[in-house]
1. Here are the criteria: (1) closer than 19 Å to Thr96 by Cβ; (2) under 25 Å from the mean Cα position of the chain (by Cα). Tell me which single one Ala243 does not satisfy.
2. Output the residue which, of all residues in the range 260-297 that are in contact with a helix residue (DSSP H, G or I) (Cβ under 8 Å, 6 or more places away or on another chain), among the hydrophobic types (A, V, I, L, M, F, W, C) and open to solvent by 50 Å² or more (accessible area, probe 1.4 Å), is nearest to Gly247 (Cα to Cα).
3. If you take the residues of the range 179-204 that are without any contact (Cβ under 8 Å) to a residue 24 or more places away in the chain and part of a loop (DSSP other than H, G, I, E, B), which of them is most open to solvent (accessible area, probe 1.4 Å)?
4. When you scan the range 76-89, do you find a residue that is closer than 24 Å to Gly275 by Cα and touching a Phe, Trp or Tyr at 6+ places or on another chain (Cβ under 8 Å), even just one?
5. Scan the range 214-252 residue by residue and report those that are among the hydroxyl-bearing types (Ser, Thr, Tyr) and modelled with pLDDT of 90 or more.
6. Consider Glu328 against the criteria (1) open to solvent by less than 90 Å² (accessible area, probe 1.4 Å); (2) of a type outside the set (A, V, I, L, M); (3) farther than 30 Å from Leu208 by Cα: it satisfies all of them except one. Which criterion is unmet?
7. Within the range 264-282, identify whether any single residue is more than 29 Å from Ser219 (Cβ to Cβ), more than 22 Å from the chain's Cα centre (by Cα) and of a type in the set (Gly, Ala, Ser), and answer yes or no.
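The values are calculated or read from the model by the stated rules, or taken from the named source; none is laboratory data. Nothing here was measured: the structure is a model prediction, and the numbers come from that model. Here the Cβ positions follow ideal geometry from the backbone for every residue, glycine too, while neighbour counts run over all protein chains shown. The area values use the complete protein model at the heavy-atom level, side chains included, leaving out ligands, DNA and RNA. Shrake-Rupley method; radii C 1.70, N 1.55, O 1.52, S 1.80 Å.
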Amino acid sequence: MYVAVKGGERAIDNAHRLLAHERRGDRDVPEMSLSQISEQLSLGVDRVMTEGSLYDRELAALAIKQARGDLIEAIFLVRAFRATLPRFGATEPVDTGAMQVRRRISSTFKDMPGGQVLGPTFDYTHRLLDPQLAEGSAPEAPAIAEPLAAMPRVTDILGRDGLIESSPEADADTPVGDLTREPLNFPADRDLRLQNLARADEGFLLALGYSTQRGYGRSHPFAGEIRFGEVEVEFFAEDVGFAVPLGAIPMTECQMVNQFKGSATEAPCFTRGYGLAFGQSERKTMSMALVDRSLRARELSEEVKAPAQDEEFVMSHSDNVQSTGFVEHLKLPHYVDFQSELGLLRKLRAEFFEAAAQAEPLQEAAE
């Protein structure tokens, strides 16, 4: 399809060498280690692991280093590596109710069992550049407390009084879909929608979530609870006949509480939106919860009229790796396509001017 370019392979090799040179940067500056990226750019690592669908801090740090800090390129690298790995099975569903909590906040109740735990957050910092960071100063040691466990959820408190819908549960006999192995089909149930949102581009979800708050969708949300901490991961071992712990990983969970006016068969109550991601990923999980609630419009018998309520629109455009492929493929040679378009345009213009020239004497005669 494409015209061969003389010396193209040599040019590509040289481009790779130049990329490696630019990636390394000034040789007088110490090279950044993977542990530095993992520990000091931890939020970027968390995003790459979440949207890359692979929990491995070292590999995510390597991808960020290889991608020169381009997180979408790093996500692409992680997904490509993930596709080469064997799959031995699936872990048990994680119990976020037993999370070893490091941060837990709610905008619905000031006083709740277990209290508010601010934890590590930008929420109360001044958005001013800190020149001390440029000098490499050591921060003051923080106050340390043991992680808190088994905090009751805010949604459970509302549920006891019947003020919020029961947590939607899938049929245990229905297999859970897997977007990493199966193509996306519509209509999509909530298991596939949540998978899609977990892998979705954070910026895309943020924009959609913001749109729901500005009136593009029937949504008036409250952050019921956001919690961040360590969750134990277990795997059912057939040899021993029970689930064995594999370790604990940090995760962020967001439960949004949304209004619902009720229907002919349902009394007014609060409804739910849900988000879950690796590491400390609050913006991602909040956006995910907002969009999850909007995508439930069909099952709640709400009118679908906003982009965030249209599951085909959301799920077909949320993946940043797929989006990048479609956009960046425009950089590849399209010489044949363009030449055909160019030839057609010249032909149409020639016909246009020829018709105009023939019509001009007739117009003058009519005048």
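1. (2)
2. Among those residues, the one meeting the criterion is Met286.
3. Of everything passing the filter in the range 179-204, Arg181 is most open to solvent (accessible area, probe 1.4 Å).
4. Yes, the range 76-89 has at least one match.
5. Matches in the range 214-252: Thr252 only.
6. (3)
7. No: the range 264-282 contains no residue that is more than 29 Å from Ser219 (Cβ to Cβ), more than 22 Å from the chain's Cα centre (by Cα) and of a type in the set (Gly, Ala, Ser).
Residue-by-condition table, conditions (1) open to solvent by less than 50 Å² (accessible area, probe 1.4 Å); (2) among the basic types (Lys, Arg); (3) not in a helix (DSSP H, G or I):
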{"site": "Phe122", "(1), (2), (3)": "no, no, yes"}
{"site": "Pro139", "(1), (2), (3)": "no, no, yes"}
{"site": "Leu158", "(1), (2), (3)": "yes, no, no"}
{"site": "Asp173", "(1), (2), (3)": "no, no, yes"}
{"site": "Gly177", "(1), (2), (3)": "yes, no, yes"}
{"site": "Leu206", "(1), (2), (3)": "no, no, no"}
